[in-house]
Every structure is written in C-alpha cells, then in structure tokens.
1. Name the residues in region 108-140 that are closer than 25 Å to Thr151 by Cβ, out of contact with any helix residue (DSSP H, G or I) (no Cβ under 7 Å at 6 or more places or on another chain), assigned to a helix (DSSP H, G or I) and of a type in the set (A, V, I, L, M), would you?
2. Looking only at region 68-88, decide whether some residue is more than 20 Å from Ile195 (Cα to Cα) and either in a helix (DSSP H, G or I) or in contact with a strand residue (DSSP E or B) (Cβ under 7 Å, 6 or more places away or on another chain) (or both).
3. Would a scan of region 97-107 turn up a residue that is within 23 Å of Ser5 (Cα to Cα), surrounded by fewer than 24 Cβ atoms within 10 Å (Cβ to Cβ), touching a helix residue (DSSP H, G or I) at 6+ places or on another chain (Cβ under 7 Å) and among the charged types (D, E, K, R)?
4. List, please: which pairs have Cβ atoms under 6 Å, are six or more places apart or on different chains, and start with a residue in region 39-61 that is over 14 Å from Val3 (Cβ atoms) and end with one that is among the basic types (Lys, Arg)?
5. Could you give me the residue pairs with C-beta distances under 8 Å whose first residue belongs to region 157-173 and is free of Cβ contacts under 8 Å to residues at least 40 places away in the same chain and under 16 Å from Leu75 (Cβ atoms), whose second residue is open to solvent by less than 80 Å² (accessible area, probe 1.4 Å) and part of a helix (DSSP H, G or I) wherever it lies, and which are 6+ apart or on separate chains?
6. Scan region 72-96 for residues that are in contact (Cβ under 8 Å) with a residue 60 or more places away in the chain and open to solvent by 40 Å² or more (accessible area, probe 1.4 Å) and jot them down.
7. Restricting to region 113-160, and then to whatever is under 20 Å from the mean Cα position of the chain (by Cα) and of a type in the set (Gly, Ala, Ser), can you tell me which residue is surrounded by the most Cβ atoms within 10 Å (Cβ to Cβ)?
Amino acid sequence: MPVLSRGRHRNPKRGACFMELASYLAGERWSDHPSCTHPLLAALARLVNDNTSDESRAKLVRLVPSIIGLATDDLRVDARIALRCATTALPVAAAERQLALAVSVLAAEEMLARLDGAPSGRLSAESRRAMAEVPHAAEQARRFSRAARITHKGFRRYAAPNAVQLAVVGIVQACIPDPDSLLRRLLEDTITDCITLIHGPQPAIPTTPAPIHA
C-alpha cells in the first residue's frame, strides 16, 4: 500500500498523495485528479495533504475511501465546499485574509440561495457565527458583495476554488496551536457535506474508536 506523502508521485512505489491513493483504491489510472471524486473536493484533499505535517498526515488515510464515488456536476456541491472552507477558516485567519474569506462566505451563500430559489441575502447559522467573529471584515464584505454578481461559470471556475485555497492557507498560517487538526476536521466535514448532498444523509465518518474496557 502506498504511503501518504506530500506532492505528486510517478507511481505507488514512490508514495502517494491523498488523491493518488484514492485513484489506486478506486481502480483508476494512477492520478491525483481521478474521476471518482468531485474536482473541488479533490483539490481540497490535495491541499490538506500537502499542508499537513509529516507526523499528522497518516491520520488522513482513513478518510480516503470515503471520498471515492463523490462525483457530480451539481453546482450546489461546489458552493457547499466553498462555504464550509470559508466559514471554517474565517474565525482563525489573520486579519489580512478575513475580507477575502468573508466575501467567499457571502458568494457561496448567494449561489446556494440562487440555486435553491431562495431570497438573496440569507445566511446559514454557521455563516452568521463565522461573520460575527470578524465584524469589521463582515461589514466590508457586505458592501463589496452588494456591487458584485458572479455568474455560475465564474463561481465554479474562480470563486469556489479561490475560497478553498484561501481557507487552507489561512488555517496553515493562523496563530492556533494545532492547524493539522483543523485541516483534518475541515476535510472530514466537507466530505460529510458532499456525501449528504450527493447520496443523502449517511452515518457520520467514524472518529477515533472509543477504548475497549475489559
């Protein structure tokens, strides 16, 4: 079985990144862009893999099977991934990244509202909590977003991938004691979101097993 490590690898003998291991387990051609996973979810998995310390990366292995089969062209999935990433990173990110992340929150919420036929300006509870943590950036983002209206194509190609990239960098550079754990939780939560959207509600991804008492 290939060992998880940073970056791309020519073959399994040289190791594997998260998505290369997924392609291997799915029986696909060796690739870090396999067809078995939504492209934006795969991008997040690669970023988490490459930005997690060597000591913590092995803890990601158990998540690999759960990402296989999560493929769809539903734009709601892109929006949900972007929203999960932005709301997770916003409360911990440095001040210079907060405006861009707050704009990402509003853009993802606007896209979800549009796709659902809901009124513009609605915010989920998780978005309200995240924005409340950074009131100055939130107010700036609201002013900016009132003047911007992104297309479906623009959201998928630019806004959503940018939100994922910003979130991972924001967490990695945040002044928090254990960024690896937050990156892993972000990936876990995003996989759960995608499973729910694509396949319907499922049992939660198992966490660390409880100790067995004699």
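1. Answer for region 108-140, where residues must be closer than 25 Å to Thr151 by Cβ, out of contact with any helix residue (DSSP H, G or I) (no Cβ under 7 Å at 6 or more places or on another chain), assigned to a helix (DSSP H, G or I) and of a type in the set (A, V, I, L, M): just Ala113.
2. Initial filter on region 68-88 (more than 20 Å from Ile195 (Cα to Cα)): none.
No, every residue in region 68-88 fails to be more than 20 Å from Ile195 (Cα to Cα) and either in a helix (DSSP H, G or I) or in contact with a strand residue (DSSP E or B) (Cβ under 7 Å, 6 or more places away or on another chain) (or both).
3. Filtering region 97-107 for residues within 23 Å of Ser5 (Cα to Cα) gives none.
Among the residues of region 97-107, not one is within 23 Å of Ser5 (Cα to Cα), surrounded by fewer than 24 Cβ atoms within 10 Å (Cβ to Cβ), touching a helix residue (DSSP H, G or I) at 6+ places or on another chain (Cβ under 7 Å) and among the charged types (D, E, K, R), which makes the answer no.
4. Pairs that qualify, where the first residue is over 14 Å from Val3 (Cβ atoms) and the partner is among the basic types (Lys, Arg), are Asp50/Arg6.
5. That search, which allows pairs on different chains as well, returns nothing.
6. Thr72, Asp74, Arg76, Arg80, Arg84, Val92
7. Filtering region 113-160 for residues that are under 20 Å from the mean Cα position of the chain (by Cα) and of a type in the set (Gly, Ala, Ser), the one surrounded by the most Cβ atoms within 10 Å (Cβ to Cβ) comes out as Ala160.
Yes/no matrix, rows are residues, columns are (1) modelled with pLDDT of 95 or more; (2) more than 16 Å from His38 (Cα to Cα); (3) part of a helix (DSSP H, G or I):
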position	(1), (2), (3)
Phe144	no, yes, yes
Arg157	yes, no, yes
Glu188	yes, no, yes
Thr207	no, yes, no
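The values are calculated or read from the model by the stated rules, or taken from the named source; none is laboratory data. What you are looking at is a predicted structure, and each value in this text was computed from that prediction instead of being measured. Here Cβ is always computed from backbone atoms with ideal geometry, including for glycine, and neighbour counts include all displayed protein chains. For the accessible areas, the whole protein counts, side chains as well, though only heavy atoms, and no ligand, DNA or RNA atoms are used. Shrake-Rupley method; radii C 1.70, N 1.55, O 1.52, S 1.80 Å.
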